[in-house]
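For reference, the structure is listed below as structure tokens.
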Amino acid sequence: MIRWPRFFRSLRWRVQLWHGVLLAMVLGALAAREWNVRVDLLKRDLDNDIYRAAFLIDAAMHGRGDPTPAATSLPPGAAALLPEQRARGMYYAIWRNGEPLPYEVSENAPADLFKPGTDHEGMLPTRPDLRAWFINSVPGDYVVAGRSLERDAAGWRWLGLKIAGVAAAIWAAVMLAGWWLVGRELRPMQAIEEAAGKIADGDLARRIQTRETESELGALAAVLNETFARLEGSFAQQARFTADAAHELRTPVSVILTHAQNALAGDGLDADSREAIEACERAAQSMRRMIGSLLQLARLDAGQEPPPRDFIDLAAVAAEAVALLRPVAAGRKVTVTTDFQSVEVRGDAGALGQVITNLVGNAIHHGREGGSVRVSVAAENAPDGGTHAVWIEVADDGPGIPADHVARIFDRFYRVDTARTGTAGRIGLGLAISKAIVEAHHGTITVESGDGKGAAFSVHLPLT
């Protein structure tokens with residue numbers, strides 16, 4: 001399959017391409033027509049000059065005179081060609097009394113000159129680079145006058161170049177005007193693309209701003225704005241439902257957890273009953289964590305938790321998160337190595353600490369038992385030598401994430417159970433919460449992984 005360059009896939013370039021090709025064809029045809037018409041007129045003038053020269057020679061030859069004063073002073077024969085016509089490169093030849101060879105020939109006559117084979121005057125068939133006319137006013141006598149087209153052909157070529165240059169200038173001017181006009185007409189589409197991109201990035205309140213209300217693009221923008229409004233309403237309704245459901249579930253879960261803990265604190269339970277109540281307690285604890293995560297996501301989605309804009313040392317935050325998880329790593333015999341560069345960012349230390357805790361915890365739980373996890377914090381230098389961003393990277397040497405699951409790894413409740421082990425007690429919201437927190441700090445979070453290659457999560461945060 002042919003993959004065209006990016007600009008050929010642009011609608012603006014394709015419109016311009018077809019416009020340019022069609023315009024070039026039309027202008028080429030008009031230029032060729034103009035050149036042919038002008039050359040035909042020049043040939044007609046040349047034929048008139050040649051005929052005039054032949055006529056003057058014939059008149060002087062037979063003593064008929066001519067209204068031109070110069071003709072009366074010309075003797076018959078070689079001197080009959082007017083000076084102005086001789087200067088323009090004309091030649092002549094005279095046959096008299098039916099002789100097969102010319103009676104008189106000018107010095108500049110072509111070597112393959114021949115006697116006309118008809119008694120009717122007119123154009124003489126010659127080479128393409130010559131043009132000649134013959135007159136047979138007296139039976140047996142022929143006068144031929146002609147001229148080489150070499151000098152005229154150069155002028156015609158120059159005329160063709162001038163016409164082509166004018167056509168090219170017109171083509172360029174029309175193409176520039178077309179480029180401006182197409183860009184002006186496609187502005188609503190650019191507005192649609194920009195609005196759709198902002199909405200895809202999470203700005204659900206964005207709408208397409210266009211003054212084109214009556215055109216097809218204006219109608220499309222109106223339909224899309226209505227669709228975006230419904231989409232925003234749907235997401236808002238979903239967020240409200242999540243928050244309301246989580247709030248409603250907190251009380252019954254707390255009641256279940258309280259009764260389970262009270263029952264376990266008392267005496268008189270046999271082994272089976274205690275095991276059953278402990279299972280209920282674990283389930284209630286898991287549900288409480290899930291409800292807390294859902295409430296946090298709902299607040300992040302609704303923008304109810306704007307991160308504080310305090311300056312924090314991200315290396316210190318990362319070190320605290322790693323220290324908290326070292327006992328967990330020791331339980332799985334996982335070695336955690338760190339490489340922290342002290343750098344300050346504006347943000348919420350607790351929220352960013354939660355992101356690092358989630359990433360490092362996932363690496364420990366999903367990595368290879370007895371493996372290693374590497375955590376690093378590094379500044380990103382600007383071209384002027386200063387620091388303008390910071391990277392956080394958490395990488396493990398575990399089984400990795402299959403390529404077809406990478407795109408969905410940040411979805412809520414999504415877990416790659418077939419490729420990851422040790423997920424007991426984990427509900428699949430940690431990465432979704434981490435992504436929401438990072439985006440609230442105007443950053444990005446990405447992952448690079450593959451089967452058997454481990455996973456490397458990278459967080460990019462601006463300094464301000």
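Coordinate-derived values only; no laboratory data. All of these numbers come straight from a predicted model, not from anything done at the bench. So basically every Cβ, Gly included, is an ideal-geometry build from the backbone, and we count neighbours across all protein chains shown.
Using 1/(1 + (r/R0)^6) with R0 = 41 angstrom and r between the beta carbons of residue 223 and residue 380, what's the FRET efficiency to the nearest 0.05? With R0 = 41 Å, the Cβ-Cβ based efficiency is 0.45. Fully extending the segment from residue 200 to residue 123 would add 19.9 nm, taking 0.36 nm per residue of separation and subtracting the current Cα-Cα distance. Here the Karplus curve 6.51 cos²θ - 1.76 cosθ + 1.60, taken at θ = phi - 60°, turns the phi angles of the stretch 353-370 into couplings of x, 5, 4, 5, 4, 4, 5, 5, x, 4, 4, 5, 6, 9, x, 6, 5, x Hz, with x standing for Gly and Pro.
For residue 450, nonlocal amide neighbours, meaning residues 5 or more places apart or on other chains whose placed amide H falls under 5 Å from its own, are 401. Length available on full extension from residue 21 to residue 108: 0.36 nm per residue minus the Cα-Cα distance, which gives 26.6 nm. Maximal additional length on extending the residue 137-residue 48 stretch stands at 30.3 nm, based on 0.36 nm per residue less the C-alpha distance.
Backbone geometry of the stretch 220-229 corresponds, through the Karplus equation with coefficients 6.51, -1.76 and 1.60 at θ = phi - 60°, to 3J(HN,Hα) couplings of 4, 4, 5, 5, 5, 4, 5, 5, 5, 5 Hz, x marking Gly and Pro. Arranged from fewest to most other beta-carbon atoms within 10 Å of their beta carbon, 134, 55 become 55, 134. Backbone geometry of the stretch 34-46 corresponds, through the Karplus equation with coefficients 6.51, -1.76 and 1.60 at θ = phi - 60°, to 3J(HN,Hα) couplings of 4, 5, 4, 5, 5, 5, 4, 5, 5, 5, 5, 4, 5 Hz, x marking Gly and Pro. Amide H contacts of residue 398: 368, 454, 455, each under 5 Å away and 5 or more positions distant or on a separate chain (H built 1.01 Å from N in the peptide plane; Pro and chain starts excluded).
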